[in-house]
1. If only one of B:TRP75, B:TRP25 is of a type in the set (Phe, Trp, Tyr) and out of contact with any helix residue (DSSP H, G or I) (no Cβ under 7 Å at 6 or more places or on another chain), which one is it?
2. Please work out if B:GLU47 is of a type in the set (D, E, K, R) and more than 9 Å from chain A (Cβ to nearest Cβ).
3. Inside region A:13-34, can you point out the residues that are within 7 Å of chain B (Cβ to nearest Cβ) and part of a loop (DSSP other than H, G, I, E, B)?
4. Among (1) at pLDDT below 85; (2) within 14 Å of another protein chain (Cβ to nearest Cβ); (3) surrounded by fewer than 18 Cβ atoms within 10 Å (Cβ to Cβ), there is one condition B:ASN102 misses while meeting the rest; what is its number?
5. Would you check if there is a residue in region A:538-545 being assigned to a strand (DSSP E or B), modelled with pLDDT of 90 or more and in contact with a Pro (Cβ under 7 Å, 6 or more places away or on another chain)?
6. B:THR121 - would you say it is surrounded by fewer than 21 Cβ atoms within 10 Å (Cβ to Cβ), closer than 19 Å to B:LEU39 by Cα and either more than 14 Å from the chain's Cα centre (by Cα) or within 14 Å of chain A (Cβ to nearest Cβ) (or both)?
7. Select from region B:138-168 the residues that are within 13 Å of another protein chain (Cβ to nearest Cβ) and over 17 Å from the mean Cα position of the chain (by Cα) and write down the one among them that is surrounded by the fewest Cβ atoms within 10 Å (Cβ to Cβ).
8. Would you confirm whether any residue within region A:506-521 is modelled with pLDDT under 90, under 25 Å from A:VAL328 (Cα atoms) and in a loop (DSSP other than H, G, I, E, B)?
Amino acid sequence: MDENIQKDGLEDFLKKSFEDFERNPSDGLWDKIDAGLNAPAAPKIVQMHPGLTFKTWWIGLAAALFLGAFAWQYFYFQEKIEGLSEKVAQQNQRSKNDEINSIQPSDDLKSENQNAAVEPKSDAIQNNADSKNLTNGTLEIPIQNIESQQVENKNARQNLVENSFPKNESGQQKSKNQQQNLKENFTKNTHPNGVEPNVLNENQIEKLIENSNQNVAVETQPEAQNVFFPPENEEQKPIENQKQEDKSLKTNNLVALNLLPSLGFSKLDSPQEIFFSQLPMVKPLRQKSWTVGVHAAKLATRATAEFQPQRFPDPKDHGKRVAQDKAVSGNTVFAGVSLEKKLAKNWSFVSGFDFREANLTGMHKAEFEFRDRKNGGPGPGHDHEHDFNYNLNNGGGSATIEFRVDETDPTQHIDDDEKIEFEAKTQQKTQWISVPLAAKFSVGRGRWQFNLKGGVAANFLIFNDFTITDLSISNPKFKIEPQSSGQKMPDPLQKLTLDGLVSAGIEYRFNKTFSLVAEPMVMTNLMDYQNLDFAKINNFMYGMNLGFNYRF
Amino acid sequence: MEPAATQISEIIAASVVGDRRAQRWLYEHFKSKMFGVCLRYADHRHEAEDLLQEGFIKVFRDLHQFRGAGSFEGWMRRVIVNNALQFIKKKKNALQMTDIENVSWQIGEEDAPMIEEEDITDTLLRLMHKMPTGFRTVLNLYILEGFSHAQIASELGISEGTSKSQLNRAKACLRGLLEKNLTR
């Protein structure tokens, strides 16, 4: 034996030692086996495969977290970008208004100039001067007419600011130079065609400068005062009163104007400071890009089992018969809330939270012969009672049902090949929590909009009940024992499934906020609802989804 | 006297439809061989009898799945082994990685009679019972059942590398057990 257990010979030694190894078990073991075979196995429920595994849960959870993080990041940066875009648009608009403010004279000045021979360079200003606005004592310059003047005005203002703050000047000299530059630049800017410069006398120009400073107070909001430092000797007037007093600030874009501070150029060192100091004053206009809604859908549903012949037990095999027609049908109802985020002009991302309930019924037939009785003979305790096993596999689930039949006439003779057809009616109720993830494409005009939506729905099973509601037998020589019906089966369904969904519908907008949606939709399973390796279950649903949306 | 193949087929067919006499015949005919298999996987005789009982019940319930493609004994042996593996996998930490250091090398007085006085296979069996379950299972499957490491990995839910390392340790363990106990 020592040689046998050497390194290379251990395996052979073991094989030879156990080659014909036999030992007798205890004498009473057969009785235990016999009792085990006689143990009531009815209804024997066969769960072909385990349901959702721990590993699957973790993969699903990780995928959900990844998608959630991705969606959050996308929306977060999308909103940031939109906000910045709005600010830039506001800034551009405000720049236009600033140009208008910089050339608007005061009421006093205008009244003194009503009879003066003022000839603005551009047709826009000339038309405006000729209009009733001047005769009413105010100077209104519509934005749309001032475009051609803006480039020149911008240059003028640039020069105005730069010339007003020459470097290395004392405060007094600086102020004097500032006023002088203002006079020159304003005169040059508003009378570029060489109109008599003495049309505006010294006092008028002084008032113009004062008015320019007053405008700072008029349009500077409380927060902005800390930035622009209004003149110390000037009383701060309530904003509302200031607006009423300053009629010269009428423009066609009053909303934008109210959002903007005036140019406090007497305290600013460079044009760049104007831009950055004004940013906090901008109130971005928010687009309505989020939509919440409630909806409900009713879908006709059909579930069909396609069996893999190579994996499925032979229908003619001993003792068991399998019904191959496995379709179940019924209705699926959805109800829930939806959340929609507009991503682009025509595209939106849609998600939400649905409660989903399906009620499916089925009728299944299976053919037996009398010889297919369990144990090949009558049931225990009675010569005229017979047990059968019925392998029921359908779109709702799979189970082995054991049932008992009685002979209607105990004196009759029944051959082994006597045909017996059983019919089982089933009812299945399932409830799910469903989370759709879909992309939506929308086009439309006015109140009507066409929507095309496609995506997936993750379904989490929360309830499953499968019942044999009726079991009947076609052969008049037999009758089903009442207690054989109504057996329930365990939950053979996956805890997490995935459906694909497509819908095409219309949306009617009552106003900018509320709308009504009606969309026909179809759904089908992307994952099997059951984890069976011998059958594939196909679910198909179609119906109508109705919803009510609120945009904000 | 061994029954003819046709006789076996008839007995199997009768067993499939629940003929208890036929089933009893099959049990009596194969119980010794199958009990020997169970003894190799179980920790002790009582556990082996439980495995045999459960195994035969499964054999009779699944008998309709036997297609006659191979030998009936081979098919029955596979059912018995699968049942034993399921039992082992249910045992907590039965298949956890074990090192040789954890093995109790000496057969105690209470374990068995002296080696010289018993059949060598019984001695081997008792030494295998001294091995950790993981060692014994891999040794059984690879050497005595002829499984590949890939099959073992699949059956036990471990990696092929683990199967190989467990086998090497099991063989070293058994070699050590034999050397130490042969000198008594």
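The values are calculated or read from the model by the stated rules, or taken from the named source; none is laboratory data. Remember, predicted model here, so these are calculated numbers, not experimental data. Every residue, glycine as well, gets a Cβ built from its backbone with ideal geometry; the counts of neighbours run over all protein chains shown.
1. Values: B:TRP25 fails: out of contact with any helix residue (DSSP H, G or I) (no Cβ under 7 Å at 6 or more places or on another chain).
Criteria check complete, one pass: B:TRP75.
2. Details: of a type in the set (D, E, K, R): yes; more than 9 Å from chain A (Cβ to nearest Cβ): yes.
Criteria met by B:GLU47.
3. Listed by number, the residues that qualify are A:PHE21, A:GLU22, A:ARG23, A:ASN24, A:PRO25, A:SER26.
4. B:ASN102 satisfies all of (1) at pLDDT below 85; (2) within 14 Å of another protein chain (Cβ to nearest Cβ); (3) surrounded by fewer than 18 Cβ atoms within 10 Å (Cβ to Cβ) except (2).
5. yes
6. Details: surrounded by fewer than 21 Cβ atoms within 10 Å (Cβ to Cβ): yes; closer than 19 Å to B:LEU39 by Cα: yes; either more than 14 Å from the chain's Cα centre (by Cα) or within 14 Å of chain A (Cβ to nearest Cβ) (or both): yes.
Yes.
7. Only one residue tops the list, namely B:GLY157.
8. The first filter runs over region A:506-521 and keeps only residues modelled with pLDDT under 90, leaving A:509-513.
Going one step further and asking which of them are under 25 Å from A:VAL328 (Cα atoms), we end up with none.
No, because not a single residue in region A:506-521 is modelled with pLDDT under 90, under 25 Å from A:VAL328 (Cα atoms) and in a loop (DSSP other than H, G, I, E, B).
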